[in-house]
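The values are calculated or read from the model by the stated rules, or taken from the named source; none is laboratory data. Here the structure is a predicted model, which means the values were calculated and not measured. Cβ placement follows ideal geometry from the backbone for every residue including glycine, while neighbour counts extend to all protein chains displayed.
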Amino acid sequence: MTFKCGIVTGLAASLLATTAMADIKVGFIGSLSSDTGLSTLRGAEMAIEELNAAGGMNGEQITLVSADTGEDVTEGVKAYEYLAETEEVDFVISGSIDDVSLGWLPRMQEYQIPTLDTWTSYIGIIDMVIEDPETMAPYFMNIASDEALATLYINFGADVLKAQMGWESVVILAEDTAFGEAITGLVTDALGPVAGIEVKEIITYDIGTVDFAPIFSKAQASGADFIYQVSSVNSQVISSQYVKLQVPMAMTGVNVSALGLEYWEDTGGAGGSISTLSPIPSVGFELDPASQKFVDDYQAKYDTRPKIPHFNGFNAYWGLKQAMAAAEEAGGFGDVKAWSAAMKKQDITLEKDGKLWLRYAFWGDDEVEEVTGRTYPHNARFDLTAPYEDAQPSMVVVQWKENGDVGVVYPPEYATTEFEVPSWVK
Amino acid sequence: MNLRPHHFILWGLFIAGMFLMPELVGKGTLRTMIFACYLAMFAISWDILSGRTGYISFGHPFLIGIGAYTTGILTRRYGFPVEASIPIAVLVTMAGGLIVLLPALRIKGSYFALVTLAVMELMYQLVPVVRPDLTGGTRGISRLPALTRGAENGYYLAVGLMLAVALMAWLLMRTRVGTALWAIGMNEESVRGSGLSTTRLKSFAFLVSAGVAGMAGAFYAHYLGTITPRAFFDINVLFQIIVAVLIGGAGTIVGPIIGAFFMVFLLEWLRPYLPGQERFFVYGLIALVIYMYQPRGIMAIVEGAWTRLRGARS
C-alpha cells in the first residue's frame, strides 16, 4: 500500500512539475543544416537562456522546440503544422528562406500564432500585411525588406560603381530561385534609370551548377563592365571559381555565403575581392557594445559553424526578446491583436560612440518611408538616407580582400575599408 | 467484376475506420494524415499507369503540377470559383498530359522513363520563366482560396477524396480493362497478338492516371494555400511517390495507401527525436530494409503473414 501511495505521489509530483515547467513554448522553424537556419536557432536559444535566467516571461519559463524545413516548401508547411498542432507553441521564430515562408504563411494565417521572420526579406509578404491586416496581424519581419535592400544598393551603384569606378554596363548572373528572381527584378528595374548603369544581359543558372566557366565566358562576351551576381545557394562555388578562373571583370552583387565568417574556409581561400550586399550586422561590420557581447557569449557557447551568427542570428536574439516583452505587456500570446499592437511599439536602440548604430523597431502602419514612398507595416525599421539618424541603413556592402580580410565598403558612414577591384582585373 | 460480400465488408470497415479517426487521434496526427492521403492519391495515380502496365513514368509531378497550377492561375489570376477551376484543372491535366506524354507511350522501358523525366524537368525550368505574371515565377502563387479550415475538415475532405479514388481504381482493376492492363505489364506482345489495341488501353490508363493526378494536385494546391515550382516539379516529389508505391506494394490499391501513410508517419514520428535531416537517413534505411526483405512491399508481407496464420489454423 505504501509502495502504491509512493508511486501515485511520485506521479502526481512529476505531473505537477511538468505542468509548472511547460510554460511558454517557442517554436523554431527553419533549416537545421544551414548556417542561416542555425544562426536564427542559436540567437533564439541565447535570448531564451537570458530571459529564463532573469525570471522568464511574467514568471513563466520559456522552452524551445525546433522543426526542420530542410529548405523545402512542403516540409516547411509540415513543420509549421507540427509546431502548431503537436507542440502547440505560443510563438514561432523563423529562419526560413523566401518560398518556404510563403509556403507556411497560409498556416500562420489560419492558426494565428505570433510569428517573427528573421531571414526572408520578400516585400510581397509585407504587401500581404497591407492587403490583409486582419489575418497577418501576428506576422512580423525584422529584416529590411528586399525593396529597401535594393534601393540602398542602387545608391552604391550610383556612388561607387558608376561615379567612382566609371562602370556603365552590367551583366547579371542570377541563380534560378525565388530570391534570385526577386533581387534581379529589383536591381534591373532600378540600376538603369537611377544609377545610369545599363543591364546588358541577364544569365540565369541552376543552383546545382558546378562548372561556371561557360557562364563566365558568356558574361565576358556580353561586353559589360562588371558582373552582378545574385546567389543564395552554394554561393561559395561561383565565388571560388571566379577567383580561380581569374575572370577579367569585377564581380559584385549578393552572395549569401560571403555573409558568414566561414566563407574564406569554404572557398579554400579563393574568395578574395568578392563584394556583397549584406543585411546588418554583417561580417566586417563594427559592432556596438551590446551586439559585441552577444557575439562573445555566442562564441563562448557554440564551437561549431557559424562562428559568428549571420544577421538573422542578431535579429532572432533581439526579436525574441521583443516578442516576449510584447507578450508581457499584452498578458501573453493568447490575445493576438493585443500582442501585435505591443510588438509594433517595441524599440531597442543600440549606440556606438554616442551615435545611433543599430535600431530594432518596426514601421508604423501608416508611416510612409520617404525615399520609396510606401509603407512597411510589421517590417524592420531602416533608414535609406545618410547620415542614418533614424535607424541603421537597410544594408551595407562588404568586401572580402585577397588576403582574407573583410570589411564594410558602403555606405561611407559604416565603411571600414575601400572598395577594390581584383588584382588580376587591374 | 467478381464482387463478393467480404469485399463490401472490408471496404465498409476501412471507410468507417478512416472516418472515425478524428474521434481517436489529435489534430497534429490528422494533419499528418492529410498529407498521407494526398500522397496516397498521387501514388495510386502513378500505380494505375506504371504499376499495372510496367511503363515507369518519371513525369508524374508534371501532371500533378498542371492540375495545381491550372486551378491556382484560374482562381487567383482570373477569379474563377474553385468549383469550376478544379474540374477544369482535371481536364487540362488530361489534355496536357495527352499532348506531351502520350507520344512517349510508343517508346518502351527505360526510354519511356527518361522521356517522362525530361518532360518534368522541362516543366520545372519553364514554369518560372514562361509568363511569370501568371505562374508567379519561382515564388509561385500564394493565397489560393482554401476549401476547408481546420484539421478535421481538411482531413474529411482528403480522406473522402482518397477513398473515392481508391474505390474507383479498385473497381476499374476488377474490370476486363483492368485485367488487360495487367496483361500489358506482363507481356505486351501477347496482348497485341490477342487482337486488343494496346495503344488504346495504355492511353486509357494514362488518361485515368492523369485525371486522378490532376484532381489530387488541384485539391492539394488549395490545401497548401500556395504553390511553387519546387513543391511540385521537384525530383523529391517523384521519389516520394515511387517509394510510397514500392514500399506499400505496386499493382495493388491498398499498397500505395499503406506506403504513403508509412512514409509520411515515419518521418513525422522521427521528428521529435531527430529534428534535423538525419530522420531522412533513418527513414531511407528502414525503407531499404523493407524493400530488400520483400520487394513486393508491405502488402506482400501482410498477405504472407495472413496466409501463414490461416495455414497454421487449418
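If you scan region B:236-273, which residues turn out to be over 23 Å from B:L172 (Cβ atoms), within 14 Å of another protein chain (Cβ to nearest Cβ) and touching a residue at least 12 places away in the same chain (Cβ under 8 Å)?
Those that are over 23 Å from B:L172 (Cβ atoms), within 14 Å of another protein chain (Cβ to nearest Cβ) and touching a residue at least 12 places away in the same chain (Cβ under 8 Å): B:V237, B:L238, B:Q240, B:M263, B:V264, B:F265, B:L266, B:L267, B:E268, B:L270.
For B:I227, are the conditions met, namely being closer than 20 Å to B:I56 by Cβ and in contact (Cβ under 8 Å) with a residue 60 or more places away in the chain?
In short, no.
Filter region A:126-150 for residues that are touching a residue at least 24 places away in the same chain (Cβ under 8 Å) and out of contact with any helix residue (DSSP H, G or I) (no Cβ under 7 Å at 6 or more places or on another chain) and give the result.
A:I126, A:V129, A:I130, A:P133, A:A144, A:A148, A:L149
Among A:L64, A:L15, which is at pLDDT 95 or above and either outside any helix (DSSP H, G or I) or surrounded by fewer than 21 Cβ atoms within 10 Å (Cβ to Cβ) (or both)?
On inspection, the qualifying residue turns out to be A:L64.
Of all residues in region A:277-313 being among the basic types (K, R) and under 17 Å from the mean Cα position of the chain (by Cα), which is surrounded by the fewest Cβ atoms within 10 Å (Cβ to Cβ)?
Step one: filter region A:277-313 for residues among the basic types (K, R), giving A:293, A:301, A:305, A:307.
If we keep only those that are under 17 Å from the mean Cα position of the chain (by Cα) as well, we get A:305, A:307.
Values: A:R305: 14, A:K307: 16.
The extreme case among them is A:R305.
Being over 30 Å from A:P106 (Cβ atoms), outside any loop (DSSP other than H, G, I, E, B), at pLDDT 90 or above and away from chain A (no Cβ under 14 Å) narrows it down to one of B:V208, B:V212, so name that one. Explain how you work it out, then say what you get.
Values: B:V212 fails: over 30 Å from A:P106 (Cβ atoms).
It is B:V208.
Hey, can you tell me all the residues within region B:99-120 that are under 28 Å from A:A178 (Cβ atoms) and either surrounded by 22 or more Cβ atoms within 10 Å (Cβ to Cβ) or modelled with pLDDT of 80 or more (or both)?
If the condition is that a residue be under 28 Å from A:A178 (Cβ atoms) and either surrounded by 22 or more Cβ atoms within 10 Å (Cβ to Cβ) or modelled with pLDDT of 80 or more (or both), then B:L101, B:T116, B:L117, B:A118, B:V119, B:M120 are the ones that fit.
Looking only at region A:55-79, filter to residues that are within 8 Å of chain B (Cβ to nearest Cβ) and not hydrophobic (A, V, I, L, M, F, W, C); which one of those is nearest to A:G43 (Cα to Cα)?
A:S66
For B:A183, state whether it is within 12 Å of chain A (Cβ to nearest Cβ) and either in contact with a Lys or Arg (Cβ under 8 Å, 6 or more places away or on another chain) or on the phi < 0 side of the Ramachandran plot (or both).
When the stated conditions are applied, B:A183 does not pass them.
Does B:L91 satisfy being at pLDDT 95 or above and not charged (D, E, K, R)?
yes
For every residue, the table says whether it meets (1) in contact with a Pro (Cβ under 7 Å, 6 or more places away or on another chain); (2) part of a helix (DSSP H, G or I).
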residue: A:A144; (1), (2): yes, no
residue: A:D159; (1), (2): no, yes
residue: A:G166; (1), (2): no, no
residue: A:L173; (1), (2): no, no
residue: A:G192; (1), (2): no, yes
residue: A:K218; (1), (2): no, yes
residue: A:V230; (1), (2): no, no
residue: A:V233; (1), (2): no, no
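Here is a yes/no grid of residues against (1) assigned to a helix (DSSP H, G or I); (2) at pLDDT 95 or above; (3) more than 19 Å from A:E389 (Cα to Cα):
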| site | (1), (2), (3) |
| --- | --- |
| A:A270 | no, no, yes |
| A:G313 | yes, yes, yes |
| A:G319 | yes, yes, yes |
| A:A323 | yes, yes, yes |
| A:W357 | no, yes, no |
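Looking only at region B:274-289, filter to residues that are more than 14 Å from chain A (Cβ to nearest Cβ) and among the β-branched types (V, I, T); which one of those is farthest from B:V264 (Cα to Cα)?
B:V289
Tell me, which residue of region A:201-234 that is in contact (Cβ under 8 Å) with a residue 24 or more places away in the chain and of a type in the set (S, T, Y) is surrounded by the fewest Cβ atoms within 10 Å (Cβ to Cβ)?
Among those residues, the one meeting the criterion is A:T209.
Name the residue that is farthest from the other protein chains (Cβ to nearest Cβ), counting only residues in region B:118-141 that are under 15 Å from B:I66 (Cβ atoms) and β-branched (V, I, T).
If we take residues in region B:118-141 being under 15 Å from B:I66 (Cβ atoms) and β-branched (V, I, T), then B:V119 is farthest from the other protein chains (Cβ to nearest Cβ).
Please find, among B:G195, B:G178, B:G160, the residue that is outside any helix (DSSP H, G or I) and surrounded by fewer than 21 Cβ atoms within 10 Å (Cβ to Cβ).
Answer to the selection: B:G195.
For B:S57, all conditions in the list (1) part of a helix (DSSP H, G or I); (2) in contact with a helix residue (DSSP H, G or I) (Cβ under 9 Å, 6 or more places away or on another chain) hold save one; what is the number of the exception?
Against the list (1) part of a helix (DSSP H, G or I); (2) in contact with a helix residue (DSSP H, G or I) (Cβ under 9 Å, 6 or more places away or on another chain), B:S57 comes up short only on (1).
Does region A:282-309 hold any residues that are in contact with a strand residue (DSSP E or B) (Cβ under 9 Å, 6 or more places away or on another chain) and not β-branched (V, I, T), and which are they?
Scanning region A:282-309 gives A:S282, A:G284, A:F285, A:E286, A:L287, A:D288, A:P289, A:A290, A:S291.
Output the residue which, of all residues in region B:144-157 that are surrounded by fewer than 19 Cβ atoms within 10 Å (Cβ to Cβ) and not hydroxyl-bearing (S, T, Y), is farthest from the other protein chains (Cβ to nearest Cβ).
Filtering region B:144-157 down to residues surrounded by fewer than 19 Cβ atoms within 10 Å (Cβ to Cβ) leaves B:145-150, B:152-153, B:156-157.
Restricting the remaining residues to those that are not hydroxyl-bearing (S, T, Y) gives B:145-147, B:149-150, B:152-153, B:157.
Numbers: B:P145: 10, B:A146: 7, B:L147: 12, B:R149: 6, B:G150: 8, B:E152: 11, B:N153: 11, B:L157: 15 Å.
Going through the qualifying residues, I end up with B:L157.
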